Amino acid sequence: MRSKLQFIRNKVLCTTTWKIQLVFWFSAILVGIAATAFAIASEHSHGYFKQIIAISPYLPLLITPLLLMLVSWLTRRFFPGAQGSGIPQSIAALNMADHTLRASLLSLRIAVGKILLTLIGLLGGASIGREGPTVHVGAAIMFSLGNLARFPQHFMDRGLILAGGAAGVAAAFNTPLAGIVFAIEEMSRSFEQRTSGTILTAVVIAGITAIVIQGPYTYFGTSNVSLPLNASWLAVLVCGVLGGGLGGLFSLILVRSTRKLAPWHLKFPLRIAFICGLSIAIIGLVSGNTTYGTGYDEARTLVTGAGKLDASYPILKMFATLASYLSGIPGGIFAPSLATGAGIGSFFAQWFSAVPAETIVLLGMVAYFTGVVQTPITAFVIVIEMTGNNEMLLPLMLTALIAQGVSKLISPEAIYEALAAPFMEAKEITPEKPAT
């Protein structure tokens, strides 16, 4: 009798395990599909905006403020919690001990709103990226479907959120290693053995799904440049110190401005969105229409050496990104920061005539991006995978480490942790200590 009961229990357990695996695999595939569809739709959305400025470069002075007001209203009316990058919400959810509170930040409704509203923001010319929102979408999909399938608590507490966020980065950029590193370095800030397999599986499945749909590609094209082991390595120090410093300054300004504007956002959200939208349009007009959108085209131009941009581009792009984030609309800072970094590297390249400009561009990208997010490993891994360039591994690593050190002197508080704090405070929760 006991053996029969044991057989039944084992059979039920086996069935439950397979059910969990099937739902998990389906969730990862869905993240890959969502990330790919989001990427394609983002290109079309920004393409439509380019058609608008082709008619007249002055049209954004009207269209951008109005569309940002619309997005701000839709966010607060129908998708509260979808504002900003989405990475802070995912981090806040990771630190929440209450399952219900996590669900309020990681719902399928918010995932849908995140995609829709980011696309409208890009249609309006906002200097935002889709990568942070894709992390939010990935975490929300994995968490929500796991909730529907009634996954065991050890799956639900951290594993699915981390896996979804990592899968989002991997599928968005076609950078599987960067997805894994980002989940560990930024979202988790620790490596947990019990979630490592979950993250790896999700990244592989989501990444394969994205490649099946879009085909293999490098995000910024292929780069074959290198940095000879000679005096040229002075560029590493220059880019690391100055690029990291500028990134830290941007982080400091964004965090402090967000906190100061928080009360005003509650009272006058549409007015702030209008002012920020008008600022974006004016900056875009001054820049010759180069600061709108993700910055993908501009960064690719500099990385591949296909052209040059005005020396003022990185500063203008920095302010356009700042205005876009402070408007309160959904949208990330990943891609705009990489584009700004590419512009900074292009500017520094004139100081090192003996080194190919594309080499300094890569150093600038890593330095500024590290300065902003203070995740050096993610920074150099993501740039290497985006450009398919392994020759630059050592100089990029050193640049990232220097940039992180300088950034922390300027902005001691990491940007995503600082932006996650209001979401945790709003829910009146105590952060849950991650397992070590």
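A short reminder: the numbers here are calculations on the coordinates, not readings from a lab. Just so we're clear, the structure is a prediction, and the values are computed from it rather than from any experiment. Neighbour counts are summed over all protein chains in view; Cβ atoms, including those assigned to glycine, are modelled from backbone coordinates with ideal geometry.
The packing ranking, built from the mean of other Cβ atoms within 10 Å per residue, places the peptides 414-424, 316-326 in the order 316-326, 414-424, highest first. Which of Lys50/Lys317; Lys308/Lys408; Lys260/Lys308 have a Cα-Cα distance over 25 Å? Over 25 Å apart, Cα to Cα: Lys308/Lys408; Lys260/Lys308. Multiplying the residue separation of Ala311 and Asn289 by 0.36 nm and subtracting their alpha-carbon distance yields 6.5 nm. For the stretch 231-424, a crude dipole built from +1 on the beta carbon of Lys and Arg and -1 on the beta carbon of Asp and Glu, taken about the Cα centre, is about 680 debye to the nearest 20. Once you reduce the stretch 329-354 and the stretch 371-385 to the center of their Cα atoms, the two points are 13 Å from each other.
Dipole of the stretch 231-424 computed with +1 at Lys/Arg Cβ and -1 at Asp/Glu Cβ about the Cα centre; of Ile280, Ile377, Val238, farthest Cα towards the positive end is Ile280. The coefficient of translational diffusion for the stretch 231-424, derived via Stokes-Einstein from the alpha carbon Kirkwood radius under 37 °C and 0.692 mPa s, stands at 197 µm²/s.
Once the chain from Ala262 to Ala54 is taken as fully extended at 0.36 nm per residue, the excess over their C-alpha distance is 71.3 nm.
Given R₀ = 25 Å, what would the calculated FRET efficiency be for Asp297 paired with Ala354, taking r from the Cβ atoms and rounding to 0.05? The calculated FRET efficiency here is 0.30. Computed from the C-beta positions of Ile253 and Leu22, the FRET efficiency with R₀ = 35 Å rounds to 0.15. Ignoring solvent entirely, what values of log10 I(q)/I(0) come out of the Debye formula for the stretch 280-328 at 0.21, 0.30 Å⁻¹ when each Cα is a single scatterer? Scattering profile of the stretch 280-328, log10 relative to I(0): -0.69, -1.18.
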